[in-house]
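Okay, structure first, notes after.
Derivation of every value follows stated rules applied to the coordinates shown; laboratory data play no part. Just so you know, these numbers come straight off a predicted model, no measurement behind them. Note: ideal-geometry Cβ built from the backbone for every residue, glycine included; neighbour counts use all protein chains shown.
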Amino acid sequence: MAMDAGDDARERLEVVLDGLDAAVYAADVRDGEILFANRAFQALHEFEPVGRVLRGLVVPLPERGDYRVDPRGLGADDVPCELFDGELPQPRSGRWYHVREQAMRWVDGRIVRLGIATDITLRKQTAEIARRQEERISRTARLITMGEMASMLAHEINQPLAAIANYCNGCVTRMEAGAATAELLPVMQKAVAQAERAGKIIRRIREFVKKSEPRCIAVPVAAILDDALGFVDLDTKRRGIRLALDVAPDLPDVHADRILIEQVVLNLVRNGFDAMRDAEPDERVLTVRARASGERAVEIAIIDRGHGIGEEDRERLFQPFFTTKAEGMGMGLSICRSIVEYHDGRLTVESNPEGGTMFAFTLPVEEAVRD
Ligand code: ADP
């Protein structure tokens, strides 16, 4: 039978459409009757779709509120127009599709939804794996630093406890000697302050372990530094270290998970302390500096005057389990780097020209993330 030019063109088009991996369909906007479906669409739904109604399939549904503008009311003057662009799951197979729909005039004059659905399951799965990996990294980060923190926690809590015991003993002795209340008051106040300190340390640890997923919000840099450095207060005194805080005024808030970044600062500060263990007393200065790094990031640097890092060690610094310390775990820097990179920042190391080392990392400013 001879075909006219129109039939020929249509047949060619159908061959092309049937050759596509993506599912293509056209359905009447008013009642959802399927007017055309290519081979991939049929394979996807496992039945002959033409003539049936588009429902319960991998397509957006007006009843479900999938559309910004309900296509059922569209007239000839409203088309062509974009109807839908989004991702939908197919519950039966668990696969995901990217679906785009356009409203247009069909060959017989009816207004149709012309849709194309592309399988994006693999992309979704890859993204999900990446997300889980990130979560695992930060969970491991927390667990490992928890292990490391246990000894420090014992130390940190021990100090206020010892102080409280001292103040209370002092009070008891004075009360036994018949001291007046006014004499006891300042001592009791000091005991209270120490108890509050201990409580704060415990609260922080609890917050740290309780969280399951990183949560980035707008945080003032000064608040991160204050909190992290509050943790090493007593250590600073015990080791005879001077902490110099150099925070640029008017820094914008950063977009970060506060607890994780505090952990990074804490790790780097404690490494700096360790590096200055044998430094001359007047050289035991650790500078924590924060300043803008361009318009879209803030740089936080931890600068010590310690023994520095040899060329060979520098290569291996960020590798897990690399440590030069007898009691070290060698996980600190590798975790710090994962956390910083999770925040789209960079952690770098340089020699301090005055002797010692500078670790610096960047964090995106909140504004830049919102753009
Ligand atoms: P750990 O502190 O448990 O050894 P890290 O991953 O934090 O693990 O550090 C790995 C190694 O990097 C340390 O053992 C040390 O040799 C070196 N290092 C880290 N920070 C500094 C620093 N500020 N100065 C000199 N060496 C450092």
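Helix 121-176 and the longest principal axis of the Cα set of the chain meet at an angle near 20°. In the chain, a dipole from Cβ-located charges (positive for Lys and Arg, negative for Asp and Glu) runs towards its positive end, and of Gly86, Ile335, Val16 it is Ile335 whose Cα lies farthest in that direction.
Based on the Cβ-Cβ distance of Arg30 and Glu82, what FRET efficiency does E = 1/(1 + (r/R0)^6) give at R0 = 30 Å, to the nearest 0.05? Can you show the working numbers first?
Working: r = 19 Å, r/R0 = 0.62.
Efficiency computed from Cβ-Cβ geometry: 0.95.
Counting only Cβ charges, +1 for Lys and Arg and -1 for Asp and Glu, the dipole size of region 256-371 around its Cα centre is about 200 debye.
Per residue Cα convex hull volume for region 28-82, in cubic angstrom?
Values: hull volume 5.2 nm³, N = 55.
Normalising the Cα hull of region 28-82 by residue number yields 94 Å³.
Compared with the direct C-alpha span, the chain from Thr121 to Asp233 gains 35.3 nm at full extension, assuming 0.36 nm per residue.
Show that you can apply the helix-only estimate: for the chain, add -39,500 (n - 2.57) for every DSSP H stretch of four or more residues, divide by all residues, and state [θ] at 222 nm to the nearest 500.
Values: 10 runs with 165 residues, N = 371.
Calculated from helices alone, the mean residue ellipticity at 222 nm is -15000 deg cm²/dmol.
One compactness figure for the chain is 1.55, namely its Cα radius of gyration divided by 2.2 N^0.38 Å. Summing charges over all other residues whose Cβ lies under 13 Å from the Cβ of Ala360, with Lys and Arg as +1 and Asp and Glu as -1, gives 0. Counting only alpha carbon atoms, the long axis of helix 221-230 and the longest principal axis of the chain meet at about 40°. Overall, the chain carries a charge dipole of about 1500 debye about its Cα centre when +1 sits on the Cβ of Lys and Arg and -1 on the Cβ of Asp and Glu, all other atoms neutral. Lysine pair count for the chain with Cα-Cα distance under 29 Å and sequence separation of 8 or more or different chains is 8.
So if each residue of separation counts as 0.36 nm, and I subtract the Cα-Cα distance between Asp21 and Lys325, what length gain in nm does that give?
Working: separation 304, 0.36 × 304 = 109.44 nm, distance 5.71 nm.
Full-extension gain reported as 103.7 nm.
Pop the C-beta distance of Glu14 and Thr348 into the FRET formula with R0 = 45 Å and round what comes out to the nearest 0.05. Don't jump to the answer; show the numbers that get you there.
Numbers: r = 58 Å, r/R0 = 1.29.
Using R0 = 45 Å, I get an efficiency of 0.20.
Quote the FRET efficiency, to the nearest 0.05, computed for Arg277 versus Arg370 with a Förster distance R0 of 41 Å and r equal to the Cβ-Cβ distance. Approximately 0.40, to the nearest 0.05.
Put +1 on the Cβ of each Lys and Arg and -1 on the Cβ of each Asp and Glu in the chain; which of Met175, Ile120, Ile157 then has its Cα farthest toward the positive end of the dipole? Of the listed residues, the answer is Met175. For the pair Lys190 and Arg92, label points projected 7 Å from Cα toward Cβ lie 7.8 nm apart.
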